[in-house]
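K.L.:
Mind having a look at this structure? Questions to follow.
The values are calculated or read from the model by the stated rules, or taken from the named source; none is laboratory data. Note that the structure is a prediction, hence the values are computed from the model and not measured. Note that each Cβ is placed from the backbone with ideal geometry, even for glycine, and that neighbours are counted across all protein chains shown. With ligands, DNA and RNA removed, areas are computed over all heavy atoms of the protein, side chains included. Shrake-Rupley method; radii C 1.70, N 1.55, O 1.52, S 1.80 Å.
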Amino acid sequence: MAKKIFSGVQPSGNLHLGNYIGAIKNFVDLQNQEGNQCIYCVVDLHAITLRQDPNILKNNIRETTAAFLASGINPKKSIIFNQSLVPAHAEGSWILGCVARMGWLNRMTQFKEKAGKDKEKASVGLYIYPILMSADILLYDATHVPVGEDQKQHLELSRDIAQKFNSDLNSPDFLKVPEPLIQRNFSRIMSLKDGTKKMSKSDPSDLSRINLTDTKDQIINKIKKAKTDTIPMPSAKEGLKKRPEVENLLGIFSSLSNQNLEKSIDEFSGKNFSDFKAILAEKVAEKISPISKEIVNLLKNKDYIDKVLMEGAEKANIQASKKVKEIKKIIGF
Ligand code: AMP
Ligand code: TRP
């Protein structure tokens, strides 16, 4: 069945292998499936829920766009734009904020993680961010939303908001209830330094992640330094218990080789870590270095990137402003 796809990535710098495997690789696969209509958004309004330096933000918007393009998202097939160029997102977000309940937002675990110990000091934007994310999705009647595991709860909230709007305003099926598309395998890529922590843009250690802008030498060096243990490579899945770092590295290898974990376990069973790491580093470099070279290339031509975003925004605006108009009519404005 043809799908209407919407997804977003924050332009907060340091896009990494977790973003690629958990999200962007899927964006490309979905774009290339016959009949799908895809919209990929650089969610700059989401980024400012945490403080951003204006000049760095501007660069990050272009860099995230370049990463989309370099990974294979094609502006002739998919709509690519940045959120702040389409006013309907902010407008829709206000209206949906009057539908969402405080109790629902209070359950969001990502807010608790990001706000940390002192919730009183978190921005109000950070608290209501899942409402903006709901507007992003619902304004385009998206049927499917590809995201990593960490966004599942936010997606459930958008489903709740859509259903409550439809029932409160007596408009059955008006807002489409979106389905999450979360990869069954390898949906959480972990830090190279601690297999119990997610690979993350905000980890202070650059050695914890492979950035999409890393060179081949950097990639090889980071994999060489990745945490492992002293036991030989496992020969069965049970051998991965309590070995999150080894499981993560085998997961990365499997995902980039498009094969299941069992096959990778067989391939490296009993081998020593240095041999496995050398092969893994080659595999990661083979996938990521062409992307990183293309990002550097694209960033030399800022006008081209800005043009892609502007043209994408024009197309997005037609759809989103039409939906907001309909929403306003239903509400009684
Ligand atoms: P963010 O960088 O938080 O804007 O995330 C962009 C997309 O990448 C979202 O769909 C996330 O779920 C996904 N993502 C972020 N970190 C990881 C990770 N360590 N493993 C898998 N997916 C991730
Ligand atoms: N909140 C998502 C993240 O941090 C990004 C995002 C914003 C998004 N709007 C979205 C993802 C809509 C999917 C659909 O990763």
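K.L.:
Residues of the range 268-309 being in a helix (DSSP H, G or I), open to solvent by 70 Å² or more (accessible area, probe 1.4 Å) and either small (Gly, Ala, Ser) or farther than 20 Å from Ile220 by Cα (or both), which ones?
P.N.:
Within the range 268-309, Ser274, Asn297, Lys302, Asp303, Tyr304, Lys307 meet the criteria.
K.L.:
For the range 124-154, what are the residues that are out of contact with any His (no Cβ under 9 Å at 6 or more places or on another chain), closer than 24 Å to Met199 by Cα and not hydrophobic (A, V, I, L, M, F, W, C)? So that I can check it myself, show each step before the final result.
P.N.:
At the first step, the residues of the range 124-154 found to be out of contact with any His (no Cβ under 9 Å at 6 or more places or on another chain) are 124, 126-128, 131, 137-138, 140-146, 148-154.
Now restrict to residues that are closer than 24 Å to Met199 by Cα: 126-127, 145-146, 148-154.
Tyr127, Pro146, Gly148, Glu149, Asp150, Gln151, Lys152, Gln153, His154, listed by residue number.
K.L.:
So, one more: For the range 157-166, which residues satisfy the criterion of being open to solvent by 10 Å² or more (accessible area, probe 1.4 Å), in contact (Cβ under 8 Å) with a residue 24 or more places away in the chain and within 16 Å of Leu132 (Cβ to Cβ)?
P.N.:
Kept after step one, since they are open to solvent by 10 Å² or more (accessible area, probe 1.4 Å), are these residues of the range 157-166: 159-160, 163-164, 166.
From what is left, the residues that are in contact (Cβ under 8 Å) with a residue 24 or more places away in the chain are 160, 164.
Selection gives Asp160 alone.
K.L.:
Looking only at the range 69-108, count every residue that is closer than 30 Å to Asn301 by Cβ and either aliphatic (A, V, I, L, M) or in a helix (DSSP H, G or I) (or both) and tell me the total.
P.N.:
Residues in the range 69-108 being closer than 30 Å to Asn301 by Cβ and either aliphatic (A, V, I, L, M) or in a helix (DSSP H, G or I) (or both): 13 in total.
K.L.:
Further question: If you check Ser123, Ser200, Ser171, which single one turns out to be more than 17 Å from Ile95 (Cβ to Cβ) and over 19 Å from the mean Cα position of the chain (by Cα)?
P.N.:
The match here is Ser123.
K.L.:
Under the condition of being farther than 17 Å from Ile189 by Cα and assigned to a helix (DSSP H, G or I), which residue from the range 205-223 is most open to solvent (accessible area, probe 1.4 Å)?
P.N.:
If we take residues in the range 205-223 being farther than 17 Å from Ile189 by Cα and assigned to a helix (DSSP H, G or I), then Asp217 is most open to solvent (accessible area, probe 1.4 Å).
K.L.:
Working only within the range 16-42, note down all residues that are open to solvent by 10 Å² or more (accessible area, probe 1.4 Å) and either of a type in the set (A, V, I, L, M) or more than 11 Å from ligand 1 (Cβ to nearest atom) (or both).
P.N.:
Passing the criteria: Ala23, Val28, Asp29, Leu30, Gln31, Asn32, Gln33, Glu34, Gly35, Asn36, Gln37.
K.L.:
Tell me the residue from Leu261, Leu249 that is within 24 Å of Lys197 (Cα to Cα) and surrounded by 21 or more Cβ atoms within 10 Å (Cβ to Cβ), please.
P.N.:
Testing whether each residue is within 24 Å of Lys197 (Cα to Cα) and surrounded by 21 or more Cβ atoms within 10 Å (Cβ to Cβ) leaves just Leu249.
K.L.:
Within the range 1-47, take every residue that is within 21 Å of Leu85 (Cβ to Cβ) and in a loop (DSSP other than H, G, I, E, B) and give me the one that is farthest from ligand 2 (Cβ to nearest atom).
P.N.:
So, considering only residues that are within 21 Å of Leu85 (Cβ to Cβ) and in a loop (DSSP other than H, G, I, E, B), the one farthest from ligand 2 (Cβ to nearest atom) is Gly13.
K.L.:
How do the pairs read when you match residues in the range 112-136 that are more than 18 Å from Asp44 (Cα to Cα) and open to solvent by less than 70 Å² (accessible area, probe 1.4 Å) with residues anywhere that are outside any helix (DSSP H, G or I) and more than 16 Å from ligand 1 (Cβ to nearest atom), using Cβ under 7 Å and keeping only pairs 6 or more apart or on different chains?
P.N.:
Within 7 Å, the pairs are Ala115/Ala122.
K.L.:
If you don't mind, there's one more thing I want to ask. Tally up the residues in the range 167-204 that are surrounded by fewer than 17 Cβ atoms within 10 Å (Cβ to Cβ), out of contact with any Lys or Arg (no Cβ under 6 Å at 6 or more places or on another chain), farther than 30 Å from Glu245 by Cα and not charged (D, E, K, R), please.
P.N.:
Of the residues in the range 167-204, 6 are surrounded by fewer than 17 Cβ atoms within 10 Å (Cβ to Cβ), out of contact with any Lys or Arg (no Cβ under 6 Å at 6 or more places or on another chain), farther than 30 Å from Glu245 by Cα and not charged (D, E, K, R).
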